[in-house]
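Just below is one structure, and these are the notes that go with it.
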Amino acid sequence: MSQTKHYPAHIDLRPAIHAAGTVTLPGSKSISNRTLLLAALAAGSTTIVGLLASDDTMVMLGALHSLGIAWQQHDAHTHLVHGGGGALPNQAADLFMGNAGTAIRPLTAALAVIGGDYTLHGVSRMHERPIGDLVDALNAVGAQIDYTGEAGFPPLRIRRGHIHAAAMSVRGNVSSQFLTALLMAAPLMAREHAVTIAVEGELISKPYIEITLNLMRRFGVTVEQDGWQSFTVQPGQKYTSPGTIHVEGDASSASYFLAAGAIGGGPVRVVGVGAASIQGDVRFADALEKMGATITRGDDWIEASAAHPLQAIDMDFNHIPDAAMTIAVAALYAEGTTTLRNIGSWRVKETDRLSAMATELRKLGATVEEGADFLRVTPPATIAAATIDTYDDHRMAMCFSLASLDGKARRGNAIRINDPHCVAKTFPDYFEAFAAIAKNELF
C-alpha cells in the first residue's frame, strides 16, 4: 500500500463564500475490506480495481499477509489477491487490527470457522468497541473464542473449535457488522448442511447488509433471505473469483461534498457513486433534497446545489448512520431545528459520536439536545470561530470542515481542525479535495 500523508497537528480553514467543482471519490471502505476478505477466501486470483488506499485497508492487507494470503499491488489502487479457496496458509498469527471494524468483525468470524491459533487486537478505542454479540453467536455453534481483556470486547484469542452450525442467531441492534461477519463466514460452515442466521430484534443499517449480499453474489454465493429476520446459505456453495472487480467510490465520503454544494451554492459533483450504486449511503442525497437542496443524478455521479438557505428536517437516520453525521453539521445552515432520530449506533463507532458531535456543535454556537439515540440541532445566527477536536475519528474531522462555508445562510467562520491526520482512515487527501471546491487555502 502507498503511505498516507501526514498533516500538521491542526489545519485552519478560512471562511469560504462559495463551494463548486467536481470531486472524484476514493474507493468505498465498506466495499474495499469486504472485497479483500472475499478475494482471500475465494478460489482463484482476483484483481481489485479502485481499492481504497487508507489506514483501514492497510490493516486488512496486513492481516491477510500475516495469514499467508499472497497479494501484489500493481498501482496505487489496483491489487491482485491470490485466494486460499477457503483455507489459510498460516494457522497461527498475531493480527493488529487498528480501529478497523470492517476488518476485525468479518475476520473474527472467518478465522473462528477455519480454525487455528490467532490473536486479534487493536488501538485502545478498538478495545472499547463491542464484539460480544458476534463472539456469542460463534461460540454457541462450537467456535472457541476467548477474551484476553474485558469480556465482550477485543482483544481476542481464537483457537480451533468444532463448528456445528445449522441455525445461528445474532442481535441486530448494535452493529450490522456482526451479521455481515456471519454471512461472509456462512459458506465456510455450510459444507454439508444449510446454515440459517436469525436476527434478534431490529436490524440496523440494513443498506450495509445489502452491500454484503451483493458482493457475496459476485463471488458466487447466493443467500436466501426471509425479509430482514433470517438469512440462509445452502450447502455446497464456495467463493470463486470473479476475475476482476471494481470498487465503487465511497458514498459516505460523498456526503461532505454534496453538503458543501447544498450549503455553498454549488454545483458540486461527486464522481464514483450514483443512481446505480450498491451503497445505501447514496440516500444521503435524499435527505439533502428534503432540506431544500437541488440534486441531480447519473449512473456514477451525483450533483448538489442550492439557491436558498436550507430548511430543517426531522428524520430517521437508522439506514445511513455514517452519512447522517454530515446532516448534523448541515443543520447549522438550516432554518429551524433539525432532529436526527434512531442514531444510537453512533455511540459504538470510532468514538461516541453522539456525545462528540453535541460537544463540538456547541462550540460553534448551536443549541444541541443529545438523547440516547437522537440529536436535535438549532443553529446559531452566525457560526462561532472554533477549534474542533476530532477524537481520532475521521468523520468528525471531515464533517466539521463544512462549518467554514459561509453559504447562503451567511453563517460560516474560521475553523481549526485538530489532528487532521485521522482522515487517513478513509480519505487521506480529504482536505486538499475540500480546499479545491471551497477555493480555500490550507494554512
Within region 406-443, residues being in a strand (DSSP E or B), at pLDDT 95 or above and open to solvent by 10 Å² or more (accessible area, probe 1.4 Å) number 2
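Between 25, 38, which is in contact (Cβ under 8 Å) with a residue 24 or more places away in the chain, within 20 Å of residue 397 (Cα to Cα) and touching a strand residue (DSSP E or B) at 6+ places or on another chain (Cβ under 9 Å)?
Values: 38 fails: within 20 Å of residue 397 (Cα to Cα).
Step by step, each of 25, 38 is checked, and only 25 is in contact (Cβ under 8 Å) with a residue 24 or more places away in the chain, within 20 Å of residue 397 (Cα to Cα) and touching a strand residue (DSSP E or B) at 6+ places or on another chain (Cβ under 9 Å).
Going through region 301-319 one residue at a time, which ones are in a loop (DSSP other than H, G, I, E, B) and out of contact with any Ser or Thr (no Cβ under 8 Å at 6 or more places or on another chain)?
308, 309, 317
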Scanning region 195-207 for residues that are open to solvent by 30 Å² or more (accessible area, probe 1.4 Å) and not in a strand (DSSP E or B), the one modelled with the lowest pLDDT turns out to be 202
**Study point:** Test result for residue 298, at pLDDT 95 or above and surrounded by fewer than 16 Cβ atoms within 10 Å (Cβ to Cβ)
**Key:** yes
The number of residues in region 208-221 that are farther than 14 Å from residue 38 by Cβ and surrounded by fewer than 20 Cβ atoms within 10 Å (Cβ to Cβ) is 1
Reported set for region 334-362 where residues are of a type in the set (D, E, K, R), in a helix (DSSP H, G or I) and within 17 Å of residue 177 (Cα to Cα) is 347
Within region 168-185, of all residues that are hydroxyl-bearing (Ser, Thr, Tyr) and either touching a Phe, Trp or Tyr at 6+ places or on another chain (Cβ under 7 Å) or without any contact (Cβ under 8 Å) to a residue 24 or more places away in the chain (or both), the one farthest from residue 85 (Cα to Cα) is 176
The condition of being among the β-branched types (Val, Ile, Thr), touching a Phe, Trp or Tyr at 6+ places or on another chain (Cβ under 8 Å) and within 17 Å of residue 239 (Cβ to Cβ) holds, among 59, 81, only for 81
Selection from region 232-241 of residues crowded, with 21+ Cβ neighbours inside 10 Å and in contact with a helix residue (DSSP H, G or I) (Cβ under 6 Å, 6 or more places away or on another chain) yields 233, 239
If we ask which residues in region 50-86 are under 19 Å from the mean Cα position of the chain (by Cα) and β-branched (Val, Ile, Thr), their number turns out to be 2
Taking region 363-404 and the residues there that are of a type in the set (Ser, Thr, Tyr) and in a helix (DSSP H, G or I), the one that is farthest from residue 420 (Cα to Cα) would be 404
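Could you tell me which of the residues 151, 165 is assigned to a loop (DSSP other than H, G, I, E, B) and either free of Cβ contacts under 8 Å to residues at least 12 places away in the same chain or farther than 18 Å from residue 348 by Cβ (or both)?
None of the other options fit; the residue is 165.
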When every residue in region 115-130 that is open to solvent by less than 30 Å² (accessible area, probe 1.4 Å) and either part of a helix (DSSP H, G or I) or in contact with a strand residue (DSSP E or B) (Cβ under 7 Å, 6 or more places away or on another chain) (or both) is compared, the one farthest from residue 156 (Cα to Cα) is 116
Considering region 179-194, residues that are farther than 16 Å from residue 278 by Cβ and open to solvent by less than 10 Å² (accessible area, probe 1.4 Å), and then whichever is farthest from the chain's Cα centre (by Cα), we arrive at 190
Within region 369-394, of all residues that are of a type in the set (Val, Ile, Thr) and open to solvent by 20 Å² or more (accessible area, probe 1.4 Å), the one farthest from residue 430 (Cα to Cα) is 378
Practice item. Answer yes if at least one residue in region 281-294 is open to solvent by less than 30 Å² (accessible area, probe 1.4 Å), in a helix (DSSP H, G or I) and among the basic types (Lys, Arg), and no otherwise. Key: no
Taking region 295-346 and keeping only residues that are among the basic types (Lys, Arg) and within 17 Å of residue 250 (Cβ to Cβ), one is left with 297
Cβ pairs under 9 Å, 6+ apart or interchain, first in region 349-363 and modelled with pLDDT under 95, second open to solvent by 40 Å² or more (accessible area, probe 1.4 Å) and of a type in the set (Asp, Glu), ordered by first then second residue, are 350/392; 351/392
Here the qualifying pairs (Cβ atoms under 6 Å; residues six or more apart or on different chains; first in region 265-293 and free of Cβ contacts under 8 Å to residues at least 24 places away in the same chain; second in a helix (DSSP H, G or I) and aliphatic (A, V, I, L, M)) come out as none
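The values are calculated or read from the model by the stated rules, or taken from the named source; none is laboratory data. Source: prediction; values computed, not measured. So basically every Cβ, Gly included, is an ideal-geometry build from the backbone, and we count neighbours across all protein chains shown. The area values use the complete protein model at the heavy-atom level, side chains included, leaving out ligands, DNA and RNA. Shrake-Rupley method; radii C 1.70, N 1.55, O 1.52, S 1.80 Å.
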